[in-house]
Amino acid sequence: MKRSILIVSAAVLAAFIAIQAETLSKNQAENAEQEIIELEKHWGAAEVSRDVAFFDRILAPEYKFTTPEGVVWTRAQYLENLKSGDLAVISSTLEEIQVDVYGDVAVCFGRATSKAQLKGKDISSQYRFTDTWIRRAGCWQCVTDHSSEIAQR
């Protein structure tokens, strides 16, 4: 009898721990999703204001950006284009943001509408983007960013 009670108690405790772990995991994923959405929203504003310090924090050392034209920029190239004013973003809005969280990795999909110039050439358009984020030492950093221009009909 005592053994049966002990087994049932252990099973109930294990189930409780599993439910708590799943709830904690869901809450962590939801928090991570909101953090990434806020970083993505701040990204556009930081480009407009040329807030290089923001990008110093959020761009991983190995960051790569694939432009809509298929050109790959390193972190250093992205920051230099921003610092120099070669990349001049006038406005940027995000829509249809979706974040999928996989532990310390998150993938963000969305649509951006921007008014911008690159070395004096108008590059204003609507884009689909995919950003891959990793959490290091509790902070999210973007490791890859890919943009594709949405064809205008």
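Here are some notes:
- Residue that is surrounded by the fewest Cβ atoms within 10 Å (Cβ to Cβ), among those in the stretch 41-73 that are touching a Lys or Arg at 6+ places or on another chain (Cβ under 9 Å) and of a type in the set (A, V, I, L, M): Val72
- With respect to the conditions (1) on the phi < 0 side of the Ramachandran plot; (2) without any contact (Cβ under 8 Å) to a residue 24 or more places away in the chain, Gly120 falls short on a single one, namely (1).
- Test: residue in the stretch 105-126 that is acidic (Asp, Glu) and at pLDDT 95 or above: no
- Residues (of a type in the set (Gly, Ala, Ser) and free of Cβ contacts under 8 Å to residues at least 24 places away in the same chain) located in the stretch 68-90: Gly70, Ala76, Ser84
- Residues (buried (at least 16 other Cβ atoms within 10 Å of the Cβ) and in contact with a Ser or Thr (Cβ under 7 Å, 6 or more places away or on another chain)) located in the stretch 74-100: Val89, Ser92
- Here the stretch 123-153 is the region considered, the condition is being exposed (fewer than 15 other Cβ atoms within 10 Å of the Cβ) and hydrophobic (A, V, I, L, M, F, W, C), and the residue that is farthest from Tyr63 (Cα to Cα) is Ala151.
- Entry remark, the stretch 101-122: residues being touching a helix residue (DSSP H, G or I) at 6+ places or on another chain (Cβ under 6 Å) and either closer than 20 Å to Thr67 by Cβ or surrounded by fewer than 16 Cβ atoms within 10 Å (Cβ to Cβ) (or both) number 1 in total.
- Criterion: within 15 Å of the chain's Cα centre (by Cα), basic (Lys, Arg) and over 20 Å from Ala32 (Cα atoms) - qualifying residue of Lys119, Lys115, Lys64: Lys64
- Taking (1) without any contact (Cβ under 8 Å) to a residue 60 or more places away in the chain; (2) within 20 Å of Gly70 (Cα to Cα); (3) among the β-branched types (Val, Ile, Thr) in turn, Thr93 satisfies each apart from (2).
- Here Pro68 fulfils each of the conditions (1) closer than 20 Å to Arg111 by Cα; (2) at pLDDT 95 or above; (3) not hydroxyl-bearing (Ser, Thr, Tyr) apart from (2).
The values are calculated or read from the model by the stated rules, or taken from the named source; none is laboratory data. Computed from a predicted structure; not experimentally measured. Heads up, the Cβs are rebuilt from the backbone with ideal geometry, glycines too, and the neighbour counts pull from every protein chain shown.
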